[in-house]
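Read through the structure below, which is laid out as structure tokens, and then see the notes.
The values are calculated or read from the model by the stated rules, or taken from the named source; none is laboratory data. None of the values given here were measured: they were computed from a predicted structure. With ideal geometry, Cβ positions are generated from the backbone for all residues, glycine too; neighbour counts draw on all protein chains shown.
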Amino acid sequence: MHAVRTDSGVAPLVEAFVSVQGEGCLIGRPTFFVRTAGCPLRCTYCDTTESYRAPRTFGLRALDGETLRTFENPCHVDEFVSAIDAMPDLLRSVEWVSLTGGEPTLWTDFALGLATRMRSRGLRMHLETASDDVGRLRPLLPVFDSVAMDYKLEGTLDRAPNDLQSQHVACLDAALRADLRVHVKVVLTDAVVDRVWHTMLDRLRSFGRDFVLILQPVTPTPNEQRRLPTVRLLAMLKSALDAGFDARVLPQIHPLLGFA
């Protein structure tokens, strides 16, 4: 497992912007996204490869795409929140803040500071994580309202630790014990074989309907061009429903709409 970083409230960020949530159970909601840099995994379908390394500077953008301020990396959470407070119109119509990546659990102090401050301002916090290390995730759970965790399937990874699936299960257990709104997103590509799919269902079966299982057919990217055939998607959905899961098929909508 990856150790928790002592980051003293700083994190390398890629971007921060207001847009529309494009996937998962909060799909369609106006959301303020804060994207951290750095990720220990390499997924074949990754649509944010720019998050692997932090830029020298990053921008804070309004809903209309206007860049309101530029920050240098790494950014301290106090500086970041102070800038947001100085722009009262920025989040006026937003209820949710999504901390995403990259992998935001790499930056524990920044995540804790951001979530605590945003919730004190009446906003709700949503964490998007690869759920690759329960030790990094667990300290963050008390300050988030919702968590979207990935379950990465064999065939969709170019780089991952050997115990990744066990970490996924441990992260789900920890999140449910923290009494959060939880959904598990599984990106489905044509490379996922039936054995791998049914092994995942068996691993998660004991959690029953305590979480929402999101089946997300892959959005083609430069490194993953193959779409999942509809007949296979429907067969996977049927098997998840037959196994008793609260399963839903939800594609990414932001590429279809041209949103960031």
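If the requirement is being buried (at least 18 other Cβ atoms within 10 Å of the Cβ) and either over 18 Å from the mean Cα position of the chain (by Cα) or under 30 Å from Leu91 (Cα atoms) (or both), which of these qualifies: Val196, Val134, Val192? Full working, then the answer.
Working: Val196 fails: buried (at least 18 other Cβ atoms within 10 Å of the Cβ); Val134 fails: either over 18 Å from the mean Cα position of the chain (by Cα) or under 30 Å from Leu91 (Cα atoms) (or both).
None of the others qualify; the one that does is Val192.
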Strands (runs of 3 or more DSSP E) fully within the stretch 1-81 counting 1 or more residues that are farther than 22 Å from Leu250 by Cβ, of a type in the set (S, T, N, Q) and touching a Lys or Arg at 6+ places or on another chain (Cβ under 9 Å): 67-72
Which residues, taken from the stretch 95-122, are outside any helix (DSSP H, G or I), surrounded by fewer than 18 Cβ atoms within 10 Å (Cβ to Cβ) and of a type outside the set (Lys, Arg)? Glu95, Gly122
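From the set of residues in the stretch 41-63 that are polar (S, T, N, Q) and surrounded by fewer than 19 Cβ atoms within 10 Å (Cβ to Cβ), which is farthest from Leu228 (Cα to Cα)?
Restricting attention to the stretch 41-63, the residues satisfying the condition of being polar (S, T, N, Q) are 44, 48-49, 51, 57.
Now restrict to residues that are surrounded by fewer than 19 Cβ atoms within 10 Å (Cβ to Cβ): 44, 48-49, 57.
Numbers: Thr44: 14, Thr48: 20, Thr49: 21, Thr57: 37 Å.
Filtering first and then ranking leaves Thr57.
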Residue within the stretch 241-250 that is assigned to a loop (DSSP other than H, G, I, E, B), out of contact with any helix residue (DSSP H, G or I) (no Cβ under 7 Å at 6 or more places or on another chain) and at pLDDT below 95 present: no
With respect to the numbered conditions (1) touching a Pro at 6+ places or on another chain (Cβ under 6 Å); (2) in a loop (DSSP other than H, G, I, E, B), which one is the sole condition not fulfilled by Leu233? (2)
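Assess whether Val187 counts as being touching a Phe, Trp or Tyr at 6+ places or on another chain (Cβ under 6 Å), under 21 Å from Asp133 (Cβ atoms), in contact (Cβ under 8 Å) with a residue 40 or more places away in the chain and surrounded by 18 or more Cβ atoms within 10 Å (Cβ to Cβ).
Numbers: touching a Phe, Trp or Tyr at 6+ places or on another chain (Cβ under 6 Å): yes; under 21 Å from Asp133 (Cβ atoms): yes; in contact (Cβ under 8 Å) with a residue 40 or more places away in the chain: yes; surrounded by 18 or more Cβ atoms within 10 Å (Cβ to Cβ): yes.
For Val187, the condition - touching a Phe, Trp or Tyr at 6+ places or on another chain (Cβ under 6 Å), under 21 Å from Asp133 (Cβ atoms), in contact (Cβ under 8 Å) with a residue 40 or more places away in the chain and surrounded by 18 or more Cβ atoms within 10 Å (Cβ to Cβ) - is met.
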Which number in (1) touching a residue at least 40 places away in the same chain (Cβ under 8 Å); (2) assigned to a loop (DSSP other than H, G, I, E, B) marks the one condition that Leu201 misses? (2)
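Hey, among Ser82, Ser93, Ser120, Ser98, which residue is among the hydroxyl-bearing types (Ser, Thr, Tyr) and within 15 Å of the chain's Cα centre (by Cα)? It would help to see each step written out before you state the result.
Values: Ser82 fails: within 15 Å of the chain's Cα centre (by Cα); Ser93 fails: within 15 Å of the chain's Cα centre (by Cα); Ser120 fails: within 15 Å of the chain's Cα centre (by Cα).
Going through Ser82, Ser93, Ser120, Ser98 in turn, the sole match is Ser98.
Does Asp158 satisfy being under 20 Å from Cys25 (Cβ atoms) and either without any contact (Cβ under 8 Å) to a residue 40 or more places away in the chain or out of contact with any Pro (no Cβ under 8 Å at 6 or more places or on another chain) (or both)?
On the way: under 20 Å from Cys25 (Cβ atoms): no; either without any contact (Cβ under 8 Å) to a residue 40 or more places away in the chain or out of contact with any Pro (no Cβ under 8 Å at 6 or more places or on another chain) (or both): yes.
No, not satisfied.
From Gly38, Gly28, which residue is modelled with pLDDT of 95 or more and surrounded by fewer than 21 Cβ atoms within 10 Å (Cβ to Cβ)?
Gly38
Restricting the stretch 143-160 to residues that are small (Gly, Ala, Ser) and part of a strand (DSSP E or B), which is farthest from the chain's Cα centre (by Cα)?
Going residue by residue through the stretch 143-160, those that are small (Gly, Ala, Ser) are 146, 148, 155, 160.
Keeping just the survivors that are part of a strand (DSSP E or B) gives 146, 148.
Working: Ser146: 11, Ala148: 6 Å.
Among residues in the stretch 143-160 that are small (Gly, Ala, Ser) and part of a strand (DSSP E or B), the one farthest from the chain's Cα centre (by Cα) is Ser146.
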